[in-house]
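First the structure, in the form of structure tokens, and then the observations on it.
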Amino acid sequence: MKHDLYEDREVERLDREALKALQLLRLKKTVATALTTPFYKKRLKDAGITSAEDIHTLEDIRKIPYTTKDDLREAYPYGLLSVELDEVVRMHASSGTTGTPTVIYHTQNDLDNWTNLTVRSLKATGCHKGDVFQNMMTYGLFTGGIGLHYGAEKLGMLVIPASSGNTKRQFQLMKDFKTTTIHATPSYMLHLYNRMEELGYSLKDFNLKRALIGAEPHSEEVRQKIEDLFHIDAYNSYGLSEMNGPSVAFECTEKNGMHVWEDAYYVETIDRKSLEPVPDGTEGELVLTILVRTGTPILRYRTKDLTTVIPEPCTCGRTSRRITRIKGRTDDMLIINGVNVFPSQIEEVIMKMPGIGTNYLIKVKKVGTLDKLTIHTEVGAELFTDDARDLYTLKSRIKEEVKALITINPGVELHEPGFLPVQQGKAIRVEDERGSVY
Ligand code: ADP
Ligand code: ZN
């Protein structure tokens, strides 16, 4: 490997050997950078790594211990900073809903690298100069909004930094400025559709072509629903703040798994119990190493997200491997009377039923010694007639199909549209009243 300066189009189509050589070069650089931080200096030394020269092959990455969210918390605020503070031009911090926040620092060069990845992602979905990009993800410390903003500008799209919420204004902007591309959570897309008529709009008012949906787990059925309701293409977008944010992995127009930009991220999947790497094609927890950031290097980060690396190359010609849609986070997994259940499995069943609305909530509680899971879902207003037979049939079908898929017997409650709460940011799909039973 002579250099690591590739044009983006070229790097997306590098043959696997050249890509691996580039990854090794960048991994070594990243290890060298990490060794300058107080956190990794100790962590790597304990693992016998004191210089980048201790990494000879890509497989040597296995000598490096995993990094967890708790490690990042422990290193708060400066333990993972590897440059002088005056080199840092931006920071992002996690919401901290579950404890001490975590912080990621970016140099200008880090941001430029990230922007290039977002340009690449947007292009993969067919976005181009002239498109109007309405960014409905929250701007702020959360990386969802600002993350795609600069890439969209660099690509030459007209960017409307609408941020999340204020649905009425979103419609007005969409109409007046002929938005072609929306970036939003899938749950917000469905909410938009729900409110459209009531706010006096119809699809004819808009010029929509596509939506980029991400930040929360969603099923193929939800993508399909969004595409059918809006008559657009919807593309899955994956990222997390520890790995910059959006543009870790993105679907191309083939819509068949998300390309991980492997020149920037080293991908592994591991068994959740043994923590040993699993082969491509086998589901596991996604572990990522960012190869192009100096502000805050992070090695072998356990994302807690469950996915499968797709071994076959994509028909689009890009050589970077793809991952399947995220099934959920390992900590989203519910244990119902000993059976493991992911909310996404239930979503899959209900969202393909005719007549089902756009919002649902899974409630879990203890009844005596047993766990009881009840699915609350909205259904179309047309089903609420004097004749309750349609509702009854739908309820029975949901029960049967959930039972067939995950072997538990759920309760099912059907509600009118607008009954269930809607979140501004990521959707909350589960209310578990059992407390910490895990
Ligand atoms: P937080 O950890 O506070 O939610 P982030 O905003 O960085 O912070 O969220 C990243 C997480 O969001 C990912 O680890 C993953 O669980 C989820 N996520 C992001 N994009 C997707 C997606 N396309 N599909 C499923 N889950 C996603
Ligand atoms: Zn592809």
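Derivation of every value follows stated rules applied to the coordinates shown; laboratory data play no part. Because the structure is predicted, anything quoted here is derived from the model rather than measured. When we count neighbours, we look across all protein chains shown, and the Cβ atoms used for this are built from the backbone with ideal geometry, even at glycine.
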**Complete:** As a Kirkwood estimate from alpha-carbon pairs, the chain has a hydrodynamic radius in angstrom of 23.0 Å
**Cβ-based exposure ranking for His231, His183, in which fewest neighbours within 10 Å come first** = His231, His183
**Asked** Can you give the direction-averaged projected area of the convex hull of the alpha-carbon atoms in region 337-438, in nm²?
**Response** 7.2 nm²
**Request:** Could you pull out every one of the aspartates and glutamates with an alpha carbon less than 13 Å from that of Lys225, ignoring same-chain neighbours closer than 8 positions?
**Result:** Asp233, Glu347, Glu348
**Request:** Determine the sum of side-chain charges near Thr185: Lys and Arg each +1, Asp and Glu each -1, restricted to other residues whose C-beta is under 13 angstrom from that of Thr185.
**Result:** +2
**Prompt:** So what's the gap between the Cα centers of region 39-59 and region 191-231, to the nearest angstrom?
**Reply:** 47 Å
**Request:** Work out how much length Lys175 to Met353 would gain on full extension: take 0.36 nm times their residue separation and subtract the Cα-Cα distance, in nm to one decimal.
**Result:** 61.0 nm
**Hits among aspartates and glutamates - C-alpha to C-alpha of Lys154 under 17 Å, sequence gap 8 or more where chains match** = Glu7, Asp8, Asp110, Asp112, Asp131
**Message:** Could you work out the pair-distance distribution P(r) of region 66-193 from its alpha-carbon pairs, with 5 angstrom bin width and percents rounded to whole numbers?
**Reply:** 2, 10, 17, 18, 17, 14, 11, 7, 3, 0
**Item:** Efficiency of FRET from Cβ geometry, Leu391 and Tyr139, R₀ 41 Å, rounded to 0.05
**Value:** 0.50
**Request:** Go through Lys42/Lys304; Lys175/Lys426; Lys123/Lys395 and tell me which ones have a Cα-Cα distance over 31 Å in this structure.
**Result:** Lys123/Lys395
**Prompt:** Which net charge results when you count Lys and Arg as +1 and Asp and Glu as -1 among the other residues whose beta-carbon is under 12 Å from that of Asn194?
**Reply:** -2
**Message:** Stokes-Einstein diffusion coefficient for region 174-247 at 20 °C in a medium of 1.002 mPa s, Rh from the Kirkwood formula over Cα pairs: what value in µm²/s?
**Reply:** 166 µm²/s
**Request:** Apply the Karplus parameterisation 6.51 cos²θ - 1.76 cosθ + 1.60, with θ equal to phi minus 60°, to every residue of region 303-313 and state each ³J(HN,Hα) to the nearest whole Hz, in sequence, with x for glycine and proline.
**Result:** 6, 6, 8, 9, 7, 10, 7, 8, x, 6, x
**Request:** Measure out, as a whole number of angstrom, how far apart the alpha-carbon centroids of region 373-390 and region 99-122 sit.
**Result:** 44 Å
**Complete:** Long-range amide H partners of His415, meaning residues 5 or more apart or on another chain whose placed amide H is closer than 5 Å, are Thr377, Glu378, Val379
**Request:** Grab the other residues whose beta carbon is less than 9 angstrom from that of Ile61, score K and R as +1, D and E as -1, and report the net.
**Result:** 0
**Request:** Report Rg (one decimal) and Dmax (nearest whole number) for region 291-357, counting Cα atoms only, units Å.
**Result:** 17.1, 50
**Request:** Take the Cβ-Cβ distance between Asp70 and Lys168 as r, set R0 to 51 Å, and report the resulting FRET efficiency rounded to the nearest 0.05.
**Result:** 0.80
